[in-house]
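Engineer: Here it is: the structure, laid out below.
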Amino acid sequence: MHASLVNHLRWLNEYELGERWRATYSDGEWDTRLRNRLDAADIDYSYTVKADPRFLDWANATRRGAILWWKPAHCCTFVGWVERNGQQYAAILDNNYPGRFELTPREQFVRLWAGYGGFALTVMEDPASSLPYRSYEILDGAY
């Protein structure tokens, strides 16, 4: 769980906080103790334990992402919803396989997430900036 929280903090551009967290905590965790530790560190967060997809919709819309129970006895980072071929997928970053996103269809993802306990948490820092896009400048009427 702590590795996924560090990934989440890095996504929020909280590198220093992520490194402090990584130096302090490691290995497994359960949601109540994590929340107690976040409270003790005065880190603001929001969470659910009910596998409510509206929480992930909000985390996606605000570009914050979240950490959540995913797979047996494992926490991963929910990066957001992505569209592929007209279908919505959950994009998950597993801290055991960094650099590779796992895509699971939304309905299947929500069902499995509920089966793993339904916990998700996001730190309430400013979200990551949006992805850059290619811009064009008009020069004398030409592109």
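The values are calculated or read from the model by the stated rules, or taken from the named source; none is laboratory data. Every value quoted in this text rests on a predicted model; they were computed, and no experiment measured them. Cβ atoms come from the backbone with ideal geometry, glycine included; neighbour counts cover every protein chain shown. Calculation scope for accessible area: heavy atoms of the full protein, side chains included, ligands and nucleic acids excluded. Shrake-Rupley method; radii C 1.70, N 1.55, O 1.52, S 1.80 Å.
Engineer: Do you know which residues across region 23-38 are modelled with pLDDT under 95 and of a type outside the set (Ser, Thr, Tyr)?
Structural biologist: Scanning region 23-38 gives ASP27, GLY28, GLU29, TRP30, ASP31.
Engineer: Right, next: Condition first: open to solvent by less than 60 Å² (accessible area, probe 1.4 Å), more than 16 Å from ALA3 (Cα to Cα) and not in a helix (DSSP H, G or I). Now tell me which residues in region 60-74 satisfy that. Spell out the reasoning first.
Structural biologist: Initially, region 60-74 is screened for residues open to solvent by less than 60 Å² (accessible area, probe 1.4 Å), giving 60, 62, 64-71, 74.
Those left that are additionally more than 16 Å from ALA3 (Cα to Cα): 60, 62, 64.
Residues satisfying the conditions are THR62, ARG64.
Engineer: Taking LEU9 as meeting all but one of (1) at negative phi; (2) of a type outside the set (Gly, Ala, Ser); (3) more than 13 Å from the chain's Cα centre (by Cα), write down the number of the exception.
Structural biologist: (3)
Engineer: When the residues of region 10-22 are narrowed to those that are of a type in the set (Phe, Trp, Tyr) and surrounded by 12 or more Cβ atoms within 10 Å (Cβ to Cβ), which ends up modelled with the lowest pLDDT? Break it down into steps so the answer makes sense when it comes.
Structural biologist: Filtering region 10-22 down to residues of a type in the set (Phe, Trp, Tyr) leaves 11, 15, 21.
After this cut, where a residue has to be surrounded by 12 or more Cβ atoms within 10 Å (Cβ to Cβ) as well, the list is 11, 21.
Values: TRP11: 88, TRP21: 95.
Per the criteria, the residue is TRP11.
Engineer: Here is a further query. If GLY141 satisfies all but one of (1) more than 16 Å from ARG10 (Cβ to Cβ); (2) modelled with pLDDT of 90 or more, what's the number of the condition it fails?
Structural biologist: Condition (2) is where GLY141 drops out.
Engineer: Select from region 83-131 the residues that are under 16 Å from ARG63 (Cα atoms), of a type in the set (S, T, N, Q) and open to solvent by less than 50 Å² (accessible area, probe 1.4 Å) and list them in ascending order.
Structural biologist: THR122
Engineer: Here's something else I'd like to know. Residue by residue through region 1-37, note down the ones that are among the polar types (S, T, N, Q), part of a helix (DSSP H, G or I) and over 21 Å from ASP126 (Cβ atoms). Explain how you work it out, then say what you get.
Structural biologist: Let us first name the residues in region 1-37 that are among the polar types (S, T, N, Q), namely 4, 7, 13, 24, 26, 32, 36.
Narrowing further to those that are part of a helix (DSSP H, G or I): 4, 7, 24, 32, 36.
If the condition is that a residue be among the polar types (S, T, N, Q), part of a helix (DSSP H, G or I) and over 21 Å from ASP126 (Cβ atoms), then THR24, THR32, ASN36 are the ones that fit.
Engineer: Here is a further query. With the requirement that a residue be touching a residue at least 24 places away in the same chain (Cβ under 8 Å) and assigned to a helix (DSSP H, G or I), what does region 79-116 give you?
Structural biologist: Residues satisfying the conditions are ARG106, VAL110, LEU112, TRP113, ALA114.
Engineer: Checking VAL79 against (1) modelled with pLDDT of 95 or more; (2) closer than 27 Å to ASP39 by Cα, which test does it fail?
Structural biologist: With (1) modelled with pLDDT of 95 or more; (2) closer than 27 Å to ASP39 by Cα applied to VAL79, the lone miss is (1).
Engineer: When only residues in region 34-59 that are open to solvent by less than 60 Å² (accessible area, probe 1.4 Å) and among the polar types (S, T, N, Q) count, which is farthest from ARG111 (Cα to Cα)?
Structural biologist: SER46
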